[in-house]
C-alpha cells in the first residue's frame, strides 16, 4: 500500500482507523452496482459515524478537490452510487449512520439517519402503530438517504406521493462542508428557494443527505385487493378515473398488467395461478385500504365499486382476494413480472412517465411504433398506471442472445423510446433517476431552459464539482461561460 | 414625456401600444402595495398578452440590463411586487393573461394563465364539480401566478397542502428569456433538480411564472363546522392530535383563537355573537368535510369526535353549527380577528411557524417573553394551529398612537419575536414570503448554508440580477466571490 497522502491522513483522523479503508476486499462489494452494470474504482472507502464527521470529510475533500461519491445501500437502478473508473474518488458510505433518532407517533413523524435501511424503518414504525408508506423491491438494502437522494417511488405513490411528498425535513452536508440543518418539520416555510427540494432527487450531486424527518401514516387496519380484466389500456384508464373520483382517499394501488406479462409469470414463477377464469388482454390490480376506523370497510367498497364498474362497462370480469394470503398472491403476480421476463430472454427496460391521461394511448401507440421500427421485438408495458408511470420493456426477438443485443439496442431502441416519451410530454426518468445510465439522453432531450438551469445550479452550489461527478448533470460536453 | 429609449421602443413593438404605458395615472395604482406600506417607481408598466410576449420582453430586459418586477393582483403581504424607488424598473403585469386554458375534471387538473384571479378559478371549477382547495382573503384580486410565486397558504393547507402541493406543472420565462415548458402534469419525474420547486415561492426572483397546471379535488358534498372551548393551547394541541389520528382525511380546518381575539371580534364586528355560553380562555374552530359519497356524514363524525373529546378531557365545551349559515358565522369570528384588532389600536403582525408539536408551548412562552420584554404590550397568537402556523400579533399598550410606535417596534419587537421563532426551530415566514419586509431579518437569522445557497442559486440563474431585485434574497451586503 502506498503511503497515504495528506488528505487521506486527515480523513483518517476524522473517522478513525475503522472508518477508512483502502483494502480491495473491503471496497470491492461497493464498487459494482447491484445489477453488475457498472464497476468503478476509488482511493478509499470512508464511513463516517455522524453528521459532524461527514462535514469534516467534505471540508477536506473541498480543500484538496477530491471527488466524493455518496453511497447508501448500493441498490440504485442507474449507477448513481458507483464511482467512475479513474480511481480518484472517495466512496463515502453512510451505512454506519443507522440510528432512528426519534419516532413521534402522535405527530406522525420519524427522524432518522441517512443510513437507516427501509425495512428496519418499517419494522420500527410498526411497533408504534405507524407506517412509512413507501416500499420497493430493494427495501432490505435501500437506505433513507438513498431514497431521499433519488426521490424514490414505488407502488404507494398513488395515494401518498413519492419521497418528495414524504420528507418533512432534511439535514445535509453541502459541498463546502457546511451543515444544512433543516430537520424541523415545518408544514409552512416560505423563506425562499427550498434547498430541501433540490437535495431530494439530487442524487448526491449537491451535497450529502445525512438525516431526514419523514412523514408517517397510521398503520393499516385492513385492505382489499382485487384483480380485474379489461380489454384495453383505455378501458383501464376510465376505470382509474372512476375509482379515483369515488375513492381517491383509499385507493392505494392501481397497476396495469398486460396479458403477455401475466402469461410469463404463470409460466415461469412457481406457485402462481391465474386470478380470472377467462384471460383478458389487459389486467388491473386494485388495492383499497383503511387506516382510520371511521373509513368504510375496504371489502365492502371494492365489491360495490366493481359492481358499479361492471354496470358502467369499465371492466370485463374481476376477482376479489378473499384473504390476506390471496391478496399477497395477486401482488406476487405483479411483482414477479421482471423475474419472469428475465427467464424468457433479454429485454430493455425503460422507467418512463407521461401525464396520467395520456398513458393509455402511449402504451398502445408507442408500443406499436417500437415493434414496427425494430422487427421481432415485443413491447410489454406494465406498472403504476395510476401515476402515469409504466415500466416499458422491449423484449428481444425470441432466441436472441443477451449480448450484443442489449448493448446495441441501448443505443438504438432506447433513444427511440425516449423520443416517443418526449413527444408525449413525458419524462425519461419517472422514479429511478438519471445517474450514469441516462445522463447522455438527458442532455440530448432537454431544452436549453432545463439544461442551463441544471448546470447553473450544479456549478453554483458545487463550484469545484466534487460531489458525485458524472452523475445526473450533463457536464461532459459543457464549458462554463467565460 | 421624454423620447423612448431603444429598449422601450423594442418592448412596445412586442406588446403594442396598449400593452405599454408610461403614464403616471396608469401606473400609480400598481406602484403602491395594497396595504400602503411601500411605494415605488417604474419606467413603464408593460402588460404582455401571452407567454411568447413575456419571453421577448425578458430577452430585451436581459440585453439592456433592465430590472423586471413581476406583478399579479398586487395583493401580497410583504411588498414583493412593488418596485423600489429608483424608478429604473419595468413593472411587468401578468393581469392581461387571464385565460383558463383547460379544465380536465376527470383528471382533477386545471391549466391556467398566471393572471387568472383566484375567485374566477373557483367559480369556473364549481361549474365542473371541482374545487381548487386554496383560498385566502385576497381571492378577488390574487392571481395564480402570484399564488405560485409566493407559495400561498390559507386555511385549507391542513388537508391539501400549500401551493407547492397543488402545482402539478409550471410554465415560466427564465431570466435569459428562455421558456421553461413544464406544464405537463407528471406525477413522477426524476430528471434532476426540479426547477418548478424553485419557482414556487421564488417571488419572481428567478423568472416569471406564466401559467400553471393545478390539482383540483371534487366539490364539497357537505361540511360540518364546530367551535370548541379549551383551557390552554396545550389542550388544543392534544385535541388536534386526536382529531388528526381519527379523521385526518376529512379534517380541513383547525384554527386556534384566544379569548382576547374573540372578545375583540364580538366588541367590534357587528352581527357577531359568542358561540359558547361560557367563554373559554382558548377556542378552536374545527371543520370536517366530505367530498366523496362513501365518506361518513361530517355532522355524525363531528358529534362523535366531540363526544369522545369531552370524555378524553380534550375540550371544555363545544357548539356544532346547525346550518351552513351558522358555519359561516363561526368562520366569520375567525376571519374578522385582524379587522377587530385594527379597531382596537396598533399591532405588529408576524406570520411565523414552528413544528406543529412545538406550537402550544411557543404561544405561551414566547407570548410571555415578549410581554415581559416590552412592557404594556399584549400578544395575541391565532390561526392555523394544525399547520404549526399562527399570526403572532403584538398589540401596542392601550392608547398608543400608530406612529412612531409601529415603525420603532418593527425594529425592536419584531427581531425579538423572530429570535424566539428561530430558537424554537421555526420560520420567520410561514406563508407570506420574504419580499422587501423580511429580507434583512432573513439575512440576520440565516446560517451560512441557507444564505450561501440562496445567493448562489440567485446569481447562477439570474446572473445580471434583473429579476425582482431587492426581494427575497439578501444581496445588499453581499459581494460575489472573486
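Quick notes on this structure:
- If R0 is taken as 22 Å, the Cβ-Cβ distance between residue A:126 and residue A:335 corresponds to a FRET efficiency of 0.60.
- Gain on full extension, evaluated as 0.36 nm per residue between residue B:419 and residue B:402 minus their Cα-Cα distance, stands at 3.7 nm.
- Across peptide B:450-463, the average count of Cβ atoms from other chains found within 10 Å of a residue's Cβ is 6.
- Counting only alpha carbon atoms, the long axis of helix B:324-335 and the longest principal axis of chain B meet at about 70°.
- For residue B:308, inter-copy label distances in nm, listed shortest first [label point 7 Å out on the Cα-Cβ vector]: 2.5
- By the count of other C-beta atoms within 10 Å, a proxy for reagent exposure, B:56, A:52, A:287 are ordered fewest to most as A:52, B:56, A:287.
- Cα gyration tensor, segment B:229-337 - rounded (a/c under 1.5), prolate or oblate: oblate
- Estimated FRET transfer efficiency (residue A:323, residue A:266; beta-carbon r; R0 22 Å; 0.05): 0.60
- Exposure proxy ranking, count of Cβ atoms within 10 Å, fewest first, for A:247, A:443: A:443, A:247
- Alpha-carbon centroids, segment A:297-328 and segment B:351-418: separation in whole Å: 54
- Segment A:98-143 shape via C-alpha gyration tensor axes, a/c threshold 1.5: oblate
- Cα centroid separation, segment A:30-49 to segment A:148-192 (Å): 25
- Rounded to the nearest 10 degrees, the angle from helix B:51-64 to the longest Cα principal axis of chain B is 60 degrees.
- Shielding of B:195-207 by partner chains, average beta-carbon count, 10 Å: 4
- Cα-projected label distance for residue B:464 with residue B:135, points at 7 Å along beta-carbon direction, nm: 4.3
- Extended-chain gain in nm, criterion 0.36 nm per residue less alpha-carbon gap, residue A:34 and residue A:50: 3.2 nm
- Our summary gives chain B a relative contact order of 15 percent, counting only alpha carbon pairs under 8 angstrom and 6 or more residues apart.
- Nearest-ten-degree value, helix A:259-268 long axis tilted from longest Cα axis of chain A: 70
- Distance histogram in 20 Å bins (all Cα pairs of chain A, percent per bin): 23, 54, 23, 1
- For the pair residue B:448 and residue B:234, the difference between a 0.36 nm per residue extended length and the Cα-Cα distance amounts to 73.6 nm.
- Mean residue ellipticity, 222 nm, helices only, chain A: the sum of -39500 (n - 2.57) across DSSP H runs of n ≥ 4, divided by residue count and rounded to 500, is -11000 deg cm²/dmol.
- Overall form of segment B:271-315 per C-alpha gyration tensor (a/c, 1.5; a/b vs b/c): oblate
- Sorted largest first, extent of segment A:345-423 alpha carbons per principal axis (Å): 36, 20, 17
- Distances, shortest first, from the label point of residue A:281 to those at the same position in the other copies read 7.0 nm; the point lies 7 Å along Cα to C-beta.
- Going from the fewest other Cβ atoms within 10 Å to the most, the residues B:232, A:82, B:111, A:150 appear in the order B:232, B:111, A:82, A:150.
- For segment B:229-337, the relative contact order works out to 39 percent when only alpha carbon pairs closer than 8 Å and six or more residues apart are counted.
- As a ratio to 2.2 N^0.38 Å, the alpha-carbon radius of gyration for the protein assembly as shown is 0.95.
- Near-label residues of segment B:273-289 by backbone N, under 13 Å of a point 7 Å along Cα→Cβ of residue B:313: none
- Per-copy distances of the residue A:119 label point, shortest first, in nm (7 angstrom along Cα→Cβ): 5.8
A short reminder: the numbers here are calculations on the coordinates, not readings from a lab. Keep in mind it's a predicted model, so treat the numbers as computed, not measured. Reconstructed Cβ throughout: ideal geometry from the backbone, glycine too, with neighbour counts over all protein chains shown.
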